[in-house]
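Readers should treat all values here as calculations from the given coordinates under stated rules, not as data from a laboratory. Small disclaimer: the values here were computed from a predicted structure and weren't measured. Cβ placement follows ideal geometry from the backbone for every residue including glycine, while neighbour counts extend to all protein chains displayed.
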Amino acid sequence: MSSLQIWDGLSDARITFSTHDDSSWETSRAESLSQMARLTENLNLQRALLRQLHSTSAVEVIDKVKVESIQREDREGGGWPLVHLSDGRVGADGFNSPVRAYAGIESYGWAYDTTAIVATLSHHARPSFQAPNTVAYQRFLPTGPIAFLPLSPTTSSMVWSTKPHLAKALLSSDPAVLTSMINAAFRLPDVSLRYLHNAILEAASSGAPLDAQQLQQEIAWRERSHGIDARSAYSLAADVTGVPPADADSLPPLVTSIQPGTAASFPLRFNHADEYIGDGAGARTVLVGDAAHTIHPLAGQGLNMGLGDVEALFRCVNQAVLTGGDIGSRTALLPYTRARYFENHKIMAACDKLHKLYSATAEPIVWARSVGVEVLNELDSVKAAMMLSAGSRPSSTRPSGAQLGANITATGLENLARGISGVRTLTEGVANIAGAGVQRLLQGVIDSQRR
C-alpha cells in the first residue's frame with residue numbers, strides 16, 4: 001500500500017497519507033520508501049505462520065482442542081501454571097482468555113453500538129492511465145467508517161463499521177444489493193445514504209428484501225438529483241473501461257462482485273486488561289494480543305499491536321535466557337508490560353476518540369474536525385510522525401527520538417508556514433465573528449445598566 005486517502009462523509013474534508021510524506025525520515029536522499037503498509041489476507045498469513053512452525057522441530061502444533069482447566073504446579077516456591085486441554089496437552093489462548101481468568105486479571109471496556117462487515121471484493125483493474133491498485137480509501141460516515149484495502153490489481157478487502165441492525169439487513173440481502181451499497185457508501189451524500197439504509201431496513205422487516213434492480217434505479221435517480229455527472233467517478237454508472245475521469249483517483253474502483261463466502265460480520269468493542277502479567281496466585285502468566293486488548297478496527301492497528309506485544313515479550317525472554325534468569329519471574333517480564341501497556345493504550349484511546357468524534361453530526365463539531373483535517377493535511381512532518389507511530393517503517397529503521405524531534409522542527413516549521421497562509425482568511429473570519437459577538441455582549445450590558 002503506497003498511500004491512504006481519508007475523508008469526512010459530511011463535509012468531504014480530506015487528508016492523504018503517502019510514502020512521500022515519510023521522506024523527511026530518510027537517512028539519505030537515495031533511499032525511498034516504496035510502501036507504507038502491506039496488506040495480507042488472514043488465510044495467507046495463517047498458512048505462512050503454520051508452515052514456519054511445522055519447519056521448526058522445537059515446536060509442536062496442536063489443534064482441535066479446548067482448555068478444560070488451568071492449575072498451578074504443586075511444588076516448593078510456586079510452580080508453573082499447567083494448562084489442561086481436552087486431550088491433556090498444551091494449547092493456545094484467545095479473546096475470552098482462560099489465562100487472564102486464571103491469573104485474576106481484570107479488564108475494562110465497553111461494547112460499541114457498531115458491527116463490522118468484512119468481505120473480499122472483486123473489481124476491474126485500474127487502466128494504464130491510472131496508478132496501480134495500491135491506494136487505500138476510508139470514508140467516515142455518521143454510522144461508522146468504511147474502508148477499502150487493496151490486495152491485488154483486481155481484488156480488495158473491505159471493513160464497513162455500521163449499526164448492528166443495518167449490518168444484519170445488508171448481509172441478508174442479495175449480494176448484488178450489498179455490492180451496490182458498498183459503491184454508494186463511498187460516493188453518495190449522507191442524506192441519500194440514510195434514505196437507502198431506511199429502505200433496506202424496511203424491506204428486510206417486511207420479509208421482502210429490496211431487489212437489486214430497484215436499488216440501482218433509486219441510486220441513479222439520487223445521482224441525478226444531486227447533480228452527479230454520469231461520466232464522473234462519483235457515478236455508479238461511470239465507464240470503467242475507457243479513459244478515466246479526472247476525479248478517478250479520489251475514489252476506489254467500482255466493485256463488481258463480492259467473493260462468495262467472504263462476507264461476514266462481528267461486533268466491535270473496546271477492552272483493555274488492567275495489567276499484562278499475573279501476580280500472586282496468577283504469577284508466571286503473561287497476556288499478549290487479543291487476550292490483553294481489543295480495539296476498534298478503524299485504523300487497522302489490532303494485528304500490529306499484537307505483533308508488537310510478541311516482539312517485546314521475545315526481547316524479555318531472550319534477555320532472561322542470556323543472563324541466566326527465570327523467564328517466568330515478574331522481574332523478567334516487567335520490561336514487557338512497561339514497553340507495551342502505555343503504547344497500546346495510546347493507540348486504543350486515539351481510535352476510540354476518533355470513532356466518537358466522527359459519529360457526531362452537530363454542525364460545530366463537523367466544522368471543527370474538518371478545519372483540523374484540512375490544516376493537518378498541509379503538515380507533512382506531522383503526518384509522517386503519525387505514520388511512523390502506526391508502523392509505516394520497521395522498528396529497526398525508525399529514527400531515534402532526538403532525530404525525530406529535529407526533523408519535525410526543521411521541516412515542520414516550513415510546512416506550518418504554508419498551512420498558516422492557507423487558513424489565515426479563515427482565522428480572520430473567526431476573529432471578526434468573535435469580535436462582533438463580544439461587541440454585542442458589551443452593548444447588551446450597557447443597555448441593561450441604562451434600564
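Give the long-range amide H neighbours of His226: residues separated by 5 or more places, or on another chain, with amide H under 5 Å away, using H modelled in the peptide plane at 1.01 Å from N.
none
Counting other beta carbons within 10 Å of each residue's own, what order do Met386, Met181, Met348 fall into, fewest first?
Lowest to highest Cβ neighbour count: Met386, Met348, Met181.
Contour minus end-to-end for Asp239 and Leu334, with contour as 0.36 nm per residue of separation and end-to-end as the Cα-Cα distance?
28.3 nm
Measure off 7 Å from each Cα along the Cα-to-Cβ vector at Arg194 and Asp274, then give the distance between these two points in nanometres to one decimal.
If labels sit at Arg194 and Asp274, their model points lie 4.3 nm apart.
Taking the beta-carbon count within 10 Å as an exposure proxy, list Lys168, Lys346 from fewest neighbours to most.
So the ranking, lowest neighbour count to highest, is Lys346, Lys168.
Using a simple spin-label model with points 7 Å from Cα along the Cα→Cβ vector, what separation in nm is obtained for Ala230 and Leu151?
Label-label distance for Ala230 and Leu151, simple model: 3.4 nm.
Too long at a 24 Å Cα-Cα cut-off: which of Lys346/Lys383; Lys163/Lys356; Lys168/Lys346?
Beyond 24 Å: Lys168/Lys346.
Return the distance in nm (one decimal) between the two label points of a simple spin-label model at Phe314 and Ala362, each offset 7 Å from Cα along Cα→Cβ.
Here the answer is 4.7 nm between the modelled labels.
Rank these for me by crowding, Thr331, Thr154, going from fewest to most other beta carbons within 10 Å.
Fewest-to-most Cβ neighbours within 10 Å comes out as Thr331, Thr154.
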